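The values are calculated or read from the model by the stated rules, or taken from the named source; none is laboratory data. Just so you know, these numbers come straight off a predicted model, no measurement behind them. Using ideal geometry, Cβ is built from the backbone for each residue, glycine included, and neighbour counts are taken over all protein chains shown. Remember, those area values only see protein heavy atoms, side chains included, never the ligands or the DNA or RNA. Shrake-Rupley method; radii C 1.70, N 1.55, O 1.52, S 1.80 Å.
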Amino acid sequence: MSNTLTGVGVGPGDPELVTVKGVNALRAAEVVVVPVMDTGERGRAEATVLHYVGREKIRRVVFALNERSDRARREAAWDAAGETVAGLLRSHGSVAFATIGDPNVYSTFTYLAQTVAAAVPGTVVETVPGITAMQDLAARSGAVLTEGTEPLTLVPVTAGAAVLKDALNGPGTVVAYKFGRQAAEVAEALRETGRLDDAVWGSALGLEEESIRPAAALDGTPLPYLSTLIAPARRDGGRGGKL
């Protein structure tokens, strides 16, 4: 039988937002891998998985998720993590990797899957979609992501505030991920493009420390790294014409 590696999206943090298919995939796997930082604290994926899977089934694998400057150290951590998961796959046959959000949207799983598939030939790679932070923020804030023929642009601000500003100058709704450390630059880009008033940001969605605020309240203070921003499309208040 083929070895199977399944990336399971477990949502942005609220354990009630894991899909039934996601729960079934976690429970069906022989081992569930959760990524942890090298500082060792429990991450969102692990906290969510523990609502559905016994601790004895979980394997914590260190990724240098908090390393952004030392490329050699980051790559060494990735290689070690890949070897660990490859070993689990060889010995157990089926491994689920829990990732926050969706495994095909800016996820650590895509890199891991490439490494493990190369190390264990014949590996079957599957994914189970998960609810994303932008969907959760839209639901919690009342911000509508798209209407009619509006485009939706998703930008990781780790690519630079200039990339975000280009998107804000375009049409439709713009969503920004991972903008916490560049909150001041994001606020300035919103002001310059006239998109500040309707925008909203949120962090720790579904958790005790949840924070959801109008973007106009951004004062330049750094926010949590995984903060999410929604700048809704400019709308004229009409309805039905674009459906």
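Scanning the range 144-168 for residues that are part of a helix (DSSP H, G or I) and under 17 Å from LEU190 (Cβ atoms) gives VAL157, ALA159, ALA161, ALA162, VAL163, LEU164, LYS165, ASP166, ALA167, LEU168. Looking across ARG195, ARG213, ARG181, one residue alone is touching a strand residue (DSSP E or B) at 6+ places or on another chain (Cβ under 8 Å), within 30 Å of ALA47 (Cβ to Cβ) and among the charged types (D, E, K, R). It is ARG213. Note on the range 59-77: residues that are in a helix (DSSP H, G or I) and either open to solvent by less than 50 Å² (accessible area, probe 1.4 Å) or at pLDDT 90 or above (or both) amount to 1. ALA167 falls short on exactly one of the conditions (1) more than 16 Å from ALA216 (Cβ to Cβ); (2) open to solvent by 10 Å² or more (accessible area, probe 1.4 Å); (3) at pLDDT below 95, and that condition is (3). Checked against the criterion of being surrounded by 14 or more Cβ atoms within 10 Å (Cβ to Cβ), touching a residue at least 60 places away in the same chain (Cβ under 8 Å) and closer than 30 Å to ALA80 by Cβ, the candidates ALA138, ALA143, ALA204 yield just one match: ALA204. Taking the range 109-131 as the range and being in contact (Cβ under 8 Å) with a residue 12 or more places away in the chain and small (Gly, Ala, Ser) as the test, the residues that pass are ALA113, ALA117, ALA119, GLY122, GLY130.
Quick check on my filter: what residues within the range 79-92 are surrounded by fewer than 20 Cβ atoms within 10 Å (Cβ to Cβ) and within 21 Å of the chain's Cα centre (by Cα)? Within the range 79-92, none qualify.
Restricting the range 93-126 to residues that are open to solvent by less than 40 Å² (accessible area, probe 1.4 Å) and assigned to a loop (DSSP other than H, G, I, E, B) leaves a set whose member that is farthest from ASP79 (Cα to Cα) is ASP102. Of everything in the range 211-223 that is open to solvent by less than 70 Å² (accessible area, probe 1.4 Å) and assigned to a loop (DSSP other than H, G, I, E, B), the residue that is nearest to THR146 (Cα to Cα) is LEU218.
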